[in-house]
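The values are calculated or read from the model by the stated rules, or taken from the named source; none is laboratory data. Predicted model, so just to flag it, every value in this text is computed and none were measured. So basically every Cβ, Gly included, is an ideal-geometry build from the backbone, and we count neighbours across all protein chains shown. Quick note on the areas: whole protein, heavy atoms, side chains included, nothing else; ligands and nucleic acids left out. Shrake-Rupley method; radii C 1.70, N 1.55, O 1.52, S 1.80 Å.
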Amino acid sequence: QVQLVESGGGLVQTGGSLRLSCAASKSIFGGDHVGWYRQAPERQREWVASIVSDGSANYADSVEGRFTISRDNAKNTLYLQMDSLKPEDTAVYYCRVIMGQFVYWGQGTQVTVSS
């Protein structure tokens, strides 16, 4: 079992920045997939970014160049630095980890970008 707790969400103006954190109860960076997702009202949950064991990252086209995913292995924490935020980035953001046959989600953190 892995517990994931996100934090760092809030209300920010267009063009602002936020840094999300996802604290894990144990090491998750040997997992098969570690990443961030988001879900806006009345929309399906969508993938935002992921990072693999060698540190390389991938991003959705909608956030490429504005968001940066990173990790701190010693703290078992995943981060999402979000810059140049837009109203369409408003959503609940979740971290997700897949380890073998198990999929773990955090409870989510709300990000609201005002225009």
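Positive end of the charge dipole of the chain (Lys, Arg +1 and Asp, Glu -1 on Cβ, about the Cα centre): tell me which of Thr68, Gln13, Met99 has its Cα farthest that way.
Met99
Could you bin all the Cα-Cα distances of segment 1-52 into 10 Å bins starting at 0 and give me the percent of pairs in each, rounded to whole numbers?
19, 47, 29, 5
With labels modelled as points extended 7 Å from the Cα through the Cβ direction, what inter-label distance (nm, one decimal) is found for Gln107 paired with Ala60?
Here the answer is 2.3 nm between the modelled labels.
Out of residues 5 or more away from Gly10 or on other chains, whose amide H comes under 5 Å of its own, with H placed 1.01 Å from N in the peptide plane?
Val111, Thr112
Round to a whole number: what % of the accessible area of segment 59-115 belongs to carbon and sulfur, probe 1.4 Å? Mind dumping the intermediate values first?
Details: 1330 of 2790 Å².
The nonpolar share, carbon plus sulfur, comes to 48 percent.
Taking square-rooted eigenvalues a ≥ b ≥ c of the alpha carbon gyration tensor, is segment 60-115 rounded, prolate or oblate, where a/c under 1.5 means rounded and, failing that, a/b exceeding b/c means prolate?
Values: a/c = 2.11, a/b = 1.67, b/c = 1.26.
Here segment 60-115 falls in the prolate category.
Suppose we take every Cα in the chain and form the convex hull; what volume per residue is that in Å³? The partial results should precede the final answer.
On the way: hull volume 10.7 nm³, N = 115.
Enclosed volume per residue, from the Cα hull, is 93 Å³.
Have a look at Gln1, Leu78, Ala57 and report the one farthest towards the positive end of the charge dipole of the chain, computed about the Cα centre with Cβ charges (Lys/Arg +1, Asp/Glu -1).
Gln1
Mind putting a number on the dipole of the chain about its Cα centre? Charges go on the C-beta only, +1 for Lys and Arg and -1 for Asp and Glu, and I need it in Debye to the nearest 20.
For this selection, approximately 260 debye.
Mind listing the phi-derived Karplus ³J(HN,Hα) values for segment 92-109, rounded to whole Hz, using 6.51, -1.76 and 1.60 with θ = phi - 60°, and x for any glycine or proline?
Rounded to whole hertz, the list is 8, 9, 10, 9, 9, 10, 10, 10, x, 8, 9, 10, 10, 10, x, 7, x, 9.
Looking at segment 42-93, which GluC sites (Glu not before Pro) are DSSP coil and have at most 10 other C-beta atoms within 10 Å of their C-beta? Let's see the in-between values first.
Details: sites: Glu42, Glu46, Glu64, Glu88; in loops: Glu42, Glu64.
Qualifying residues, ordered by number: Glu42, Glu64.
Quick one: accessible area per residue over segment 53-115, 1.4 Å probe, rounded to a whole number of Å²? Walk me through the numbers on the way to the answer.
Details: 3210 Å² over 63 residues.
Normalised by residue count, the accessible surface of segment 53-115 is 51 Å².
If you place +1 on the Cβ of every Lys and Arg and -1 on the Cβ of every Asp and Glu, how big does the dipole about the Cα centre of segment 29-80 come out, in debye to the nearest 20?
On the way: 6 positive and 7 negative charges, 39 e Å.
For segment 29-80, the charge dipole is close to 180 debye.
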